[in-house]
Amino acid sequence: DTEVTQTPKHLVMGMTNKKSLKCEQHMGHRAMYWYKQKAKKPPELMFVYSYEKLSINESVPSRFSPECPNSSLLNLHLHALQPEDSALYLCASSQAPSIANEQFFGPGTRLTVL
Amino acid sequence: KQEVTQIPAALSVPEGENLVLNCSFTDSAIYNLQWFRQDPGKGLTSLLLIQSSQREQTSGRLNASLDKSSGRSTLYIAASQPGDSATYLCAVPNNAGNMLTFGGGTRLMVKP
């Protein structure tokens, strides 16, 4: 299994809703990442988990809350989002957070905040 | 701080043409460089990872070259097809390897 899966593919939520994005990989990778991508822009790193521990938080607002329950799963909990948070949310993984390792991306979740 | 630039931002070519996409980076102390393809609204597909010790890496009709000293990489696509239409992104890792810095991408359209 050489892929990263993400659910749901699309999500529409109101500003008062609480929802979660899910990411899964079964490649034995120990580093997992959340990126945010706005239209016609490159992905921007949000969080990095290394061996199930949060190692990087790129000054992301607290309305985004990551969680890594185990080495295969990565969640992103969403609460009280703003319309400007609408974007494509991408999950990625790599063997380890090493400079030599290739990152593999999932198909993304298209989020719309009304 | 590493900056990655891709030129051109958009490119339209007729089917069958060979083409070159460019990627430049400001800090030449990179360990590797990764080329990705992204279809509209989709995730990123890794095309090629070229290590700093390599000059070229090939996969099918794709060839990536890397010149660290000049801070440049090129992605050569041979005999382009309409199915190659997508956005192509290059990215380099930071020194810890836990963060990729992406270029702005080149949006390629191959016309039948």
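The values are calculated or read from the model by the stated rules, or taken from the named source; none is laboratory data. Keep in mind that what you see is a predicted model, and the values were worked out from it rather than measured. Neighbour counts run over all protein chains shown; Cβ positions are idealised from the backbone, glycine included.
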Query raised in the report: Can you name every residue in region A:47-84 that is crowded, with 19+ Cβ neighbours inside 10 Å and in contact (Cβ under 8 Å) with a residue 60 or more places away in the chain?
Result: A:Leu78, A:Leu81
Query raised in the report: Does A:Leu76 fit the bill of being assigned to a strand (DSSP E or B), at pLDDT 95 or above and more than 10 Å from every other protein chain (Cβ to nearest Cβ)?
Result: yes
Query - Tabulated pairs, region B:1-29, first within 10 Å of B:Thr106 (Cα to Cα), second at pLDDT below 95 and in a strand (DSSP E or B), C-beta under 6 angstrom, 6+ apart or interchain - result: B:Asn22/B:Ile7
Query raised in the report: If you check every pair at least six apart or on different chains, which have Cβ atoms under 6 Å apart with a residue in region B:94-112 that is free of Cβ contacts under 8 Å to residues at least 60 places away in the same chain first and a residue that is assigned to a loop (DSSP other than H, G, I, E, B) second?
Result: B:Asn98/A:Pro97
Query raised in the report: Which of the residues belonging to region B:20-39 are more than 9 Å from chain A (Cβ to nearest Cβ) and outside any loop (DSSP other than H, G, I, E, B)?
Result: B:Val20, B:Leu21, B:Asn22, B:Cys23, B:Ser24, B:Phe25, B:Leu33, B:Trp35, B:Arg37
